[in-house]
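Values quoted throughout were computed directly from the atomic coordinates according to the rules given, and no laboratory measurement underlies them. Computed from a prediction, not measured in an experiment: that's the story for all the values here. All Cβ positions, even for glycine, are placed from backbone atoms using ideal geometry, and neighbour counts span all protein chains on display.
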Amino acid sequence: MRICYLGDASSIHTQRWVEWFAARHEVAVISTTPLPGLERHRLGTLPGPESRLRLFRSIRATRRAILCLEPDLVHCHFINEAGWFGAAADHHPLVITAWGSDLYRAPHESRLARYLNPWSLRRADHVTCDSHAQATVIRRWGVPEERLDVIGWGVDRAEFHPGVDGARLRACLGVPGDAPTVLSPRRWHPNCNIPAVIDAHAKLPDGIFLLLKRFTPADRGVAEAVDGAVDSSPAADRIRFVDELGADELPELYAAADVVVSLCETDGTPVSVLEAMATGRAVVALENASLAEWVSEPGGVLVPRPDPELVADALRPFLDDGILRARAREHNVAIVACRADRNAEFERMDAIYHRLADDRGGAR
């Protein structure tokens, strides 16, 4: 089967998806950024996030690329723009995958997204998302049940597992081998409340380290607030910044921590939380509908708001008690094995591809 993906090829989520299916199908990518090693078409860009001229040019370029590629199926990742272009190109079968913020935030922040996101999904032959909470929103937008599936990103359990050793990365970061450690792997967006994570760390006992995954090039608008929180923290000497890591180093990042914290106010099913669970780490997260499907005792705790005191109280037991961490490890690893294995999730998606292609062939 020849599959054409439309989305941001610089995203690791897109890359993982494309690479898995490229091993089984003939795959092409239409993207604003190149993905080496695959046939691709790059859409031109103009200044302005919602420039009408840029949108029209991108739609026209998408149509030309699809005509050139002659795919059996087009799959758009992320509704904003990728989904718009795919829906406007009017090639079928068309699959659109929601990522979370394109359902929860974009329609409230952009007039175009408020209209075009539901419109695009209704034009798709099939829609996927990674949580049942997202599926509820999509049904509310008029997508019928038979054209909707919950397909997760999943985790490569051969890479992310409780046997990964984080000692090397700890040593590189100057974290003592026996020091209790918290990891914040989320982007520096206002939505992710990184300053609250820093303030919560300051309320924990001495000797506990915090690892912050740095995203300053993409998130420079929030960097000032994060840097200010670090500068004012009485525990600043125990905060370590982790720059961009290679994909092969990511399992070590989770293994270097005892607890992972995620305080995003709106979220789908974050892959970072699944990866933390797969490596056996306890998770403390901000309560929302999608994460409630994954994080539960004894594997972790959901806090009702990003209050540093509440977050510190949720983190402290896992940092203090090795028995609690062991119970969390067993619980979380079992959940990932049962519900978040990448191969199993993508096999389900592959079956949907074949069904859609077969149905289209029969209709022709």
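Going by average Cβ density within 10 Å per residue, which order do the peptides 316-323, 71-78 take, highest to lowest?
The peptides rank, most packed first, as 71-78, 316-323.
I need two numbers for segment 185-268: Rg to one decimal and Dmax as a whole number, Cα atoms only, in Å.
12.5, 34
Could you grab the relative contact order for segment 167-339? Cα pairs under 8 Å, six or more apart, rounded to a whole percent.
Relative contact order for segment 167-339 comes out at 23 percent.
Any idea what the relative contact order of the chain is, in percent, if you count C-alpha pairs under 8 Å spaced at least 6 apart?
Once divided by the residue count of the chain, the mean separation gives 14 percent.
Taking other Cβ within 10 Å of each residue's Cβ, how do Asp199, Asp231 sort, fewest first?
Asp231, Asp199
Given segment 218-364, what percent of its DSSP beta bridges are antiparallel, to the nearest 5?
The antiparallel proportion sits near 0 percent.
Taking the number of other C-beta atoms within 10 Å as the exposure measure, put Ile239, Ile198, Ile79 in order starting with the fewest.
Ile239, Ile198, Ile79
Give the span of the chain's Cα atoms along each principal axis, as three whole-Å numbers ordered largest to smallest.
67, 41, 39
Only Cα pairs within less than 10 Å get springs; with that Gaussian network setup on the chain, which residue of Thr136, Thr269, Thr14 has the largest fluctuation?
Of the options given, Thr136 has the highest mean-square fluctuation.
Grab the DSSP H runs of the chain that are 4 residues or longer, score each as -39,500 (n - 2.57), total them, divide by all residues and round the 222 nm result to the nearest 500 deg cm²/dmol.
For the chain, the value works out to -13500 deg cm²/dmol.
Most exposed first by the Cβ proxy, i.e. fewest other Cβ within 10 Å, how do Tyr254, Tyr104, Tyr115 rank?
Fewest-to-most ranking of Tyr254, Tyr104, Tyr115: Tyr115, Tyr104, Tyr254.
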